[in-house]
Structures are given as structure tokens and as C-alpha cells.
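Report on one structure; see the data block that follows.
None of the figures in this text is laboratory data; all of them are computed from the coordinates on show. Nothing here was measured: the structure is a model prediction, and the numbers come from that model. For neighbour counting, all protein chains shown are included, and Cβ atoms are generated from backbone atoms with ideal geometry for every residue, glycine included.
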């Protein structure tokens, strides 16, 4: 299924080229600024809520196919495919997300609640973010952070360590599993696995996919459902399924 990965990579790299526009709706700063400035609910918060709701049924497909920051990291794969070796960095994003979410809630309470909804807050002419020198500094600062983490820590290190959007979708998948809702996930047939470890080597999130297959437990909160492991497996051991179980097939 090389075609699937070609299409996926074309989409996600294309999203990176749109990052000067989409950064408005992926920004962690604008929700804080506008919540404190009159209780304005920005487009970014709406996007984050949509990410949460879609994750109930589609998991972290957004991360694998549509995230602008992930598009940059996909490009960085041509420079380095060093895996992330420690899972301890995962906790950083939860700390950031918790403090950030509490700050937004506190600011809305201080403002007397949500007083206005403005999907285009922070933009000019209803779409562009990069309209002043300081905004270019913010944009290139984010790009540099993503690139440096990829080079120094490992592939997709930004997603693993500091992404403020990932917890929305991770929480969504946890709730989905708790409610036993059917959602898109990976399933495996451990009997057909030959232990070649190609799935683990190819995984952009540095997951031990081989062990996941051997234990017939494909659930992992860091899985972005990109399908790389599916398409690299010579025995077609892994596949997509829309189900409420992550179990052995075959």
C-alpha cells in the first residue's frame, strides 16, 4: 500500500505549507489572550473541541494525516529517523496541557463566562496570521522548536513531548475505550508475525509495534494511525478496523 503512504505524506506535507494560515487555529496562545480579553472564545478552541469529538471515533487520525506541525516533522524524516528512546518525555505535554487548560478556564471565569465567539480572532482579513514582524518571530520560533526537538530528541519528539493538542485526542480515545465505542484502530494477527521488526523501525512515533503485535494489544495512546506499520509489514499482520476491540484477528 505504498500509494496510501504517498497520499498521506502529500496531504500532511501540504498542511505544513498551509501552516502560516492554520497556525491561527492551532495556536495555544490566542485562546489564552482572548479569553482574558473579554471572554472571547477563539477558533482554536473550537478546533481543539472538534479534535476531541472526532477522536472518539477516529482516534489520532488528525495527527497522522492533517497536522501542520506533523507535516514539518515528516519533512525532517529525510534528515533524521532517530527514534525517541525515552517515554518519560510524554508527561511534559500533559503538564503543559493541564496548566494551559486551567488558565483558560480561570480567565473565562474572570471575564464572566464566554461573552463572544470569534472563529477568526487573531487574524487579519479573516485568514492570515503573519501580518507583523513579531508574528513572523512567533511562527519561525514554533517551526524551529519542532525541528530542533526532532533532531536532538528523535522523530516526532514534538508530538511526544510538548504538543498541546495531543491530550485532547488521547483523552478522547480513553473515553471511547471506556464507553466501548467503535472507533478506527489497529488490529493484528500475531500468528503471522515473523519478527522482522520492520513495523517498529518504521513507526514515526517510535513505538514498539512488534511487541504490541506479539501481545495482540495494539492500543497505545501515542499511536497516530498513520498506517506505516500496516504498509511495511511483509505478512500483512496489521490492519485497520472500525471496532471497539483491539484484539487478535485470524
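Per-structure values
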{"item": "Highest-fluctuation residue, 12, 175, 224 considered, GNM on the chain with Cα pairs under 10 Å", "result": "175"}
{"item": "Inter-centroid distance (Cα atoms) of segment 157-209 relative to segment 47-120, Å", "result": "16 Å"}
{"item": "Ellipticity estimate at 222 nm from DSSP helix runs (n ≥ 4, -39,500 (n - 2.57)) divided over the chain, nearest 500", "result": "-16500 deg cm²/dmol"}
{"item": "Distance between modelled label sites at residue 242 and residue 105, nm, 7 Å Cα→Cβ extension", "result": "3.3 nm"}
{"item": "Hydrodynamic radius by Kirkwood, which averages 1/r over all alpha carbon pairs of the chain, in angstrom", "result": "19.1 Å"}
{"item": "Per-residue Cβ neighbour rank within 10 angstrom, fewest leading, 15, 169", "result": "15, 169"}
{"item": "Per-pair calculated FRET efficiency, R0 = 25 Å: residue 66 and residue 192 via Cβ, rounded to 0.05", "result": "0.20"}
{"item": "Projected area averaged over orientations for segment 17-135, convex hull of C-alpha atoms, nm²", "result": "9.2 nm²"}
{"item": "Computed lengthening from residue 49 to residue 88, 0.36 nm per intervening residue step minus Cα-Cα distance", "result": "11.4 nm"}
{"item": "Whole-number D in µm²/s for segment 170-250 (Stokes-Einstein; Kirkwood sum over Cα pairs; 4 °C, 1.567 mPa s)", "result": "103 µm²/s"}
{"item": "Residues residue 208 and residue 235, FRET efficiency given R0 of 25 Å [Cβ-Cβ distance, rounded to 0.05]", "result": "0.90"}
{"item": "Label-point separation, residue 179 to residue 81 (7 Å along Cα→Cβ), nm", "result": "3.8 nm"}
{"item": "FRET efficiency estimate (nearest 0.05) - Cβ-Cβ, residue 18 to residue 138, R0 25 angstrom", "result": "0.90"}
{"item": "Cβ-based exposure ranking for 184, 99, in which fewest neighbours within 10 Å come first", "result": "99, 184"}
{"item": "The chain, relative contact order in percent, only Cα pairs under 8 angstrom and at least six apart counted", "result": "26 percent"}
{"item": "Ranked list, fewest to most other Cβ atoms within 10 Å of each Cβ, for 3, 135, 156, 110", "result": "3, 110, 135, 156"}
{"item": "Gaussian network model of the chain, Cα within-10 Å springs - most flexible of 220, 189, 115", "result": "115"}
